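Structure record follows, encoded as structure tokens.
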Amino acid sequence: MLTIAQAERLIGEHLPCLPIESLPLAQCSGAVLRENIYCERDQPPFDRVAMDGMALDSAAPRGGVRRLRVQALQAAGEPPLSLASRASCIEVMTGAVLPAGCDAVVPIEQVSVADGEAQLAAGALVEPWQHVHRCGSDSRQGSLLLAAGTRLAAPEVAIAASAGMARVRVSHQPALAVISTGNELVEPGEPVLPHQIRRSNVYGILAALRGHGFQRVADDHVRDEAETLKSRLRFHLDTHDVLILSGGVSAGRFDLVPRVLAELGARRIFHRVAQRPGKPLWFGIAPTGAAIFALPGNPVSTLVCLARYVIPALFAAMGQTPAQPERIALRKSFDVATELGSFLPVRTEVDEAGRAWAVPRPTNGSGDFVALGGTEGFLELPPGPGTLPQGFVAPLYRW
Ligand code: AMP
Ligand code: MG
């Protein structure tokens, strides 16, 4: 059976790369950039006044001149004025261009103005270039600001705007279909009989996908009937980039998903991974090119497989530069019973010294999703059996 790492590698090797689209910048939050963005102009593009105050030539106060004639006022957005003489100063606002002939700004709090003259406060020091954000000191025209593969959060969107990009090339959002299977499942809000259970997995999957910024998500449910399953899956394969199924991939008589997918011509890349929970995981590629993740139906398995494999794969398909998973130390020792790699739900806490710890929240088996309440994700633990000591560092996957 495949290890977790092998399964992950196979997914990466077979996953299609999603197409590129050009979007208005305001719609790009959370998207993965598919082009490099370069600095349009030096940043800042001019010697930028960094305080409201008086711009002057610092040689004047160095030579003992403390009272200057206020020559003019220059606000942000105005072309630069020129200082008439060393005995003058120009009142400037934060964001204004430093007037020609000036090399320093004295904050307004250190100046008293009367009768058109500015008196520098006794203690006010005036160093060359003080309170001036020098032209090009942050970045140079033509330098790389954002590399393709970057996920755009608030700072990156602002940087792209500063580079003058009205639209940017980003990855197309994948069209996702989330499909539950099982005759026992009943929608929340519908009456439920004693032998039935709530259809909870899909809601967890949808919440995770939406939380990660995926917006094109369809939701369907199919009973365990081969012909119905086949026609619904055919439809979804024709209309979506990625299918995320839950249930029907184990060894039961009504676990029809692998067989039906094979009949639809889907290529099985793997079925079953040496992991607990989530062993029956199935992954394949349809003739349409759509990727199919068939997750085991047990709710803990479903969410774990989603976070461990599907979400990272979706970002990889969008061209995101791969990142190492976060790592965190176990708060207390933990006994691993299984010979398989395992996923341990945890909540995180930060101690008085500012160190982050993972506090185990073991479940009562892969059906016990109630135990996941309040957890932030899970650790990936190496195969056992054995005892992992307090402080053992493991990768953390967030839901
Ligand atoms: P399966 O993988 O179809 O054999 O399902 C394994 C277990 O997970 C069974 O107890 C199912 O009832 C349960 N299950 C399957 N799908 C869901 C779902 N969408 N929501 C909640 N439980 C589910
Ligand atoms: Mg089932």
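The values are calculated or read from the model by the stated rules, or taken from the named source; none is laboratory data. Bear in mind that the values here come from a model prediction, so they are computed numbers and not experimental data. Cβ coordinates were reconstructed from backbone atoms using ideal geometry, including for glycine residues, and neighbour counts include every protein chain displayed. Note: areas computed on protein heavy atoms with side chains; ligands, DNA, RNA excluded. Shrake-Rupley method; radii C 1.70, N 1.55, O 1.52, S 1.80 Å.
What the table below lists for this structure:
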| read-out | value |
| --- | --- |
| Rounded tilt (10° steps) of 201-211 against the dominant C-alpha axis of the chain | 20 degrees |
| Segment 280-297 and segment 117-157: distance between their alpha carbon centers, rounded to Å | 50 Å |
| Gyration tensor verdict on the chain (Cα atoms; rounded if a/c is under 1.5, prolate if a/b is larger than b/c, oblate otherwise) | prolate |
| Approximate spin-label separation Arg67-Ser333, in nm, with each point projected 7 Å along Cα-to-Cβ | 8.1 nm |
| Heavy-atom accessible surface of the chain: percent carbon and sulfur, 1.4 Å | 53 percent |
| Nearest-ten-degree value, helix 226-239 long axis tilted from longest Cα axis of the chain | 20 degrees |
| Relative contact order, percent, segment 48-133 [alpha-carbon distance under 8 Å, six or more residues apart] | 40 percent |
| Mean Cβ neighbour count within 10 Å, used as a protection proxy, ranking 90-102, 347-359 highest first | 90-102, 347-359 |
| Highest average packing first - 233-242, 297-306, 143-152, 174-183, Cβ atoms within 10 Å | 297-306, 174-183, 233-242, 143-152 |
| By accessible area with a 1.4 Å probe, ligands and nucleic acids excluded, highest first: order of Arg210, Arg198 | Arg210, Arg198 |
| Heavy atoms of Glu78 accessible to a 1.4 Å probe, total area in Å² rounded to 10 | 80 Å² |
| Fraction of antiparallel bridges per DSSP, segment 326-398 only, in percent to nearest 5 | 90 percent |
| Contour minus Cα-Cα distance for Thr3 and Asp138 (0.36 nm per residue) | 44.0 nm |
| Max mean-square fluctuation residue, GNM over the chain, Cα-Cα springs under 10 Å, options Gly12, Gly211, Gly63 | Gly63 |
| Percent antiparallel among DSSP beta bridges (both partners in the chain, rounded to 5) | 65 percent |
| Gain on full stretching of the segment that runs from Val186 to Leu125 - 0.36 nm per residue minus C-alpha separation | 14.5 nm |
| For Ala121, distant residues with modelled amide H under 5 Å away | Val111, Ser112 |
| With all protein chains modelled, accessible area of Lys230 [1.4 Å, Å²] | 40 Å² |
| Accessible area expressed per residue, the chain, with surrounding protein chains retained (probe 1.4 Å, Å²) | 48 Å² |
| Highest to lowest packing among 23-35, 122-134, scored as the average C-beta count within 10 Å | 23-35, 122-134 |
| Antiparallel DSSP beta bridges within segment 48-133, as percent of all bridges there, nearest 5 | 75 percent |
